[in-house]
Amino acid sequence: MLEPIQIELPTIFEAMTVNSWLIKGEENVLIDCGEKTDKSWIALNQGLKENGLTIQDISKVVITHAHLDHMGMANKITENSDATIWVSEMVYEWAFNLKELLDRRSAAILASLLPNIPKNQYHKIHDFGYGRLSPYWDEIPKERLQVFPMNGTINFGGQVWEIIHTPGHCLNQTCFFQQEKGWLLSADMVLPMIPIPIIDADRVPPYKGVNSLRTHVASYDKLLALAITKAFPGHFKIIENVQETMERQKQRIHQRKEKCYQLIEAGVSEFMQLMEGIYKERINNATMFMVVGFLDMLEAEGRVKSELINGQLYYSKTAIVTV
Ligand SMILES: [Zn+2]
């Protein structure tokens, strides 16, 4: 059984690349396919060429989750080949209803962040809406799509892989596990660093923000139960010490969440002050999503409560009742 082959593609994000994993076999399959830019298209074709293939040799493109850098170029591939684009039940709507879903997610992000941030700092929040992302992300014609379930198995070029739903970084994210080899196509679930728990919109009205970090931690537990020997991530290089990486990241999340609690216990009540206390020099959208996640977890544990005053949230500790 041939290992997935890394094809690294450029992205519009600072100093970041994204991986398209090539599985060669009875048929040639790509797992994820990058953003729709000329640079990315050239890099994909070059990567295939180095492996003795052209885009016409690809029969399946499998999407791990509905983020720009993983599926933006899928339609361009359909225009240049006979490939079918495989999407999960939860990614399906993203393929043909992109504007609505991007704007829905963008609204959920703003609804979670804005009550935490003073008005004069709103400019620190990135725009993840349709206007900003659509130049690099095309919809896919329905007749070129094939839907796979959120669990079960899927065949990549003669290899059988188990589908594992791992929400957190993205509500609709799936990883794929090859049991005999212990290989995990880990998408943005297992990366060398803690993946960003990007707030996603719920799938039912009123499309509220979902608790991404809490869900992400639960997904670690799902994967820790598997005998994984190697992870093929959505970004960066192959990871060999997968269990260790996940345990370390879980521990880190726990420590930072406790740090967040200690600050609140000491009387820090505003989100941006918590940001300063936890991340100091690293205040950006990624760390904002982390702190939203810590607060959500602490509220779920019944240790912290929030109060909305003049449109801004203030946090305090609850009186813990020990029985
Ligand atoms: Zn990604």
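The values are calculated or read from the model by the stated rules, or taken from the named source; none is laboratory data. What you see is a predicted model, and the numbers here were worked out from it, not measured in a lab. We place every Cβ from the backbone using ideal geometry, glycine too, and count neighbours over all the protein chains shown. The area values use the complete protein model at the heavy-atom level, side chains included, leaving out ligands, DNA and RNA. Shrake-Rupley method; radii C 1.70, N 1.55, O 1.52, S 1.80 Å.
Listed values, structure above:
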| item | result |
| --- | --- |
| Matching residues in segment 139-159 - criterion: being free of Cβ contacts under 8 Å to residues at least 60 places away in the same chain and farther than 18 Å from Leu184 by Cα | Lys142, Glu143 |
| Residue match in segment 111-123 (condition: of a type outside the set (Val, Ile, Thr), within 16 Å of the ligand (Cβ to nearest atom) and either outside any strand (DSSP E or B) or at negative phi (or both)) | no |
| Residues that are in contact with a Phe, Trp or Tyr (Cβ under 8 Å, 6 or more places away or on another chain) and either within 16 Å of the ligand (Cβ to nearest atom) or aliphatic (A, V, I, L, M) (or both), drawn from segment 67-99 | Leu68, Asp69, Met71, Gly72, Met73, Val87, Ser88, Leu98 |
| Spans of helices (runs of 4 or more DSSP H) in segment 207-323 with at least 1 residues among the aliphatic types (A, V, I, L, M) and over 30 Å from Phe13 (Cβ atoms) | 242-265, 285-300 |
| Among residues of segment 278-296, those that are at pLDDT 95 or above and open to solvent by 20 Å² or more (accessible area, probe 1.4 Å), counted | 3 |
| Condition broken by Lys257, with the remaining ones in (1) of a type in the set (Lys, Arg); (2) open to solvent by 30 Å² or more (accessible area, probe 1.4 Å); (3) modelled with pLDDT of 95 or more satisfied | (2) |
| Residue count for segment 184-222, restricted to those that are aromatic (Phe, Trp, Tyr) and either more than 24 Å from Lys237 (Cβ to Cβ) or open to solvent by 20 Å² or more (accessible area, probe 1.4 Å) (or both) | 1 |
| Neighbours by Cβ (under 9 Å, 6+ apart or cross-chain): first from segment 240-259, within 17 Å of Tyr279 (Cβ to Cβ); second open to solvent by 90 Å² or more (accessible area, probe 1.4 Å) and part of a helix (DSSP H, G or I) | none |
| Of all residues in segment 13-32 being in contact with a Gly (Cβ under 8 Å, 6 or more places away or on another chain) and within 12 Å of the ligand (Cβ to nearest atom), the one that is nearest to His65 (Cα to Cα) | Asp32 |
